[in-house]
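Let me begin by presenting the structure, written as structure tokens, before commenting on it.
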Amino acid sequence: MIVNNPLVDVEDGKIHCKVCARRCVFGDGESGFCGIRKNVGGKLDLIVYGRPSAFGVDPVEKKPQFHFLPGTTAYSLGTYGCTFLCKFCCNWELAQAIREHLPLDTWLDQPPEKAVMGAKLYGCSSLAYTYNEPAIWFEYHRDMGMLAMEEGLFNILVTDGYGTPEFWREASKYIHATSIDLKGFSRKFYSQYTGAMLDHVLDSIKEAKKYNNMWVEITSLVVPGKNDSRDEVRAEAEWLADIDPNMPLHFIAFHPHYKMLDTPPATLDDLLSLREIALDAGLKYVYLGNVISQFESTYCPKCGQLLVARMGYMVEVKSTFDVAHSRCKNCGEKIPGIWTREQALKLKERNRLQSR
């Protein structure tokens, strides 16, 4: 039973949940939309607390985080449930398990202390909250995240961007980097293919960017014929560039999954053309994923020098990159990101001093 919870209010025995934009209200014996936040006698029971149903030691680039501690690994955990109903979900066995009436009996015994110990045992630099939507298991990753920082580890949140302002305020206390999915740039696409609302995601990106102690990267899945029109992608890139032209954007190639098995996969040529649009719109760092290309690597946007070479999950920080000072050695251009452990440690230093 969760007792210390700034994101839950109780009124007349009903829980008013503030972790995601759905802001569910549910009575005794009921659960929120996600299915894992349950009201038991007027108190929140997070049924997945300490019980992740998926685990992996992943390259940080898989999150994807390209400007955060490149070449390191993340102790990655996920549970059941989701705030969305994506028809193209690649982890639907977890995210939609409750709605698909799949068995929920596959899980690991991983209370926060054990998870942090595991991350250290595997030599990981960070813990990643991923695979399904982590906002809905906020209390679990909050407790892990706080312990992780005490042990000199870092925290990554991989999210669909449906967190509330209240959620982002709390998450900023321990999350060092976040990857936010911007699954399209039309309200129609969001409504038809995710069961969610685009405006909430846009608000979430703005909210996350408010906190200068959290590094933000954006991921956009490219679904051919659904969310890849030139006008839509240009509008998305201009919107992101207006917030921060240095914020990395990852175009990820769609492959058929779940309820969209008849939709063709995105090709390298599809992604290359969209990348040019995004660059023309003012973004400086546009990456391609789920395809093999040179644009997995980081180049200086001013002189074109190769700084971080990537092929799949093989990563090499080049001698042309002064990581300690985050600069291209060839032209001196500042390359935004969190490139070293020392830089990552400084992210939460202000919070630590304020909490004394």
Give just the number: which of (1) without any contact (Cβ under 8 Å) to a residue 24 or more places away in the chain; (2) more than 16 Å from Val8 (Cβ to Cβ) does Arg51 not satisfy?
(1)
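Conditions tested, residue by residue: (1) in the same structural domain as Lys173 (by TED's automatic domain parsing); (2) farther than 20 Å from Phe251 by Cα.
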| site | (1), (2) |
| --- | --- |
| Leu288 | yes, no |
| Gln305 | no, yes |
| Gly312 | no, no |
| Val317 | no, yes |
| Phe321 | no, yes |
| Cys328 | no, yes |
| Pro336 | no, no |
State the number of residues belonging to the stretch 195-204 that are touching a Gly at 6+ places or on another chain (Cβ under 8 Å) and surrounded by 22 or more Cβ atoms within 10 Å (Cβ to Cβ).
2
Please work out which residue is nearest to the chain's Cα centre (by Cα), limiting yourself to the stretch 1-23 and to residues that are part of a loop (DSSP other than H, G, I, E, B) and more than 19 Å from Glu207 (Cβ to Cβ).
Asn5
When the stretch 105-142 is checked residue by residue, the ones that are surrounded by 18 or more Cβ atoms within 10 Å (Cβ to Cβ) and hydrophobic (A, V, I, L, M, F, W, C) are Ala115, Val116, Ala119, Cys124, Leu127, Ala128, Ala135, Ile136, Trp137, Phe138
Residue count, the stretch 218-244, condition touching a Lys or Arg at 6+ places or on another chain (Cβ under 8 Å) and under 27 Å from Asn155 (Cα atoms), comes to 4
Residue in the stretch 39-57 that is over 29 Å from Leu347 (Cα atoms), among the polar types (S, T, N, Q), touching a strand residue (DSSP E or B) at 6+ places or on another chain (Cβ under 8 Å) and surrounded by 22 or more Cβ atoms within 10 Å (Cβ to Cβ) present:
yes
Reported set for the stretch 42-61 where residues are aliphatic (A, V, I, L, M) and more than 21 Å from Val25 (Cβ to Cβ) is Ala54, Val57, Val60
Please give the helices (runs of 4 or more DSSP H) falling wholly within the stretch 245-356 in which 1 or more residues are surrounded by 15 or more Cβ atoms within 10 Å (Cβ to Cβ).
268-280, 341-347
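The values are calculated or read from the model by the stated rules, or taken from the named source; none is laboratory data. Being a predicted model, the structure only gives us computed values, none of them experimental. Quick reminder, even Gly has a Cβ in these numbers, built from the backbone with ideal geometry, and neighbours come from all protein chains shown.
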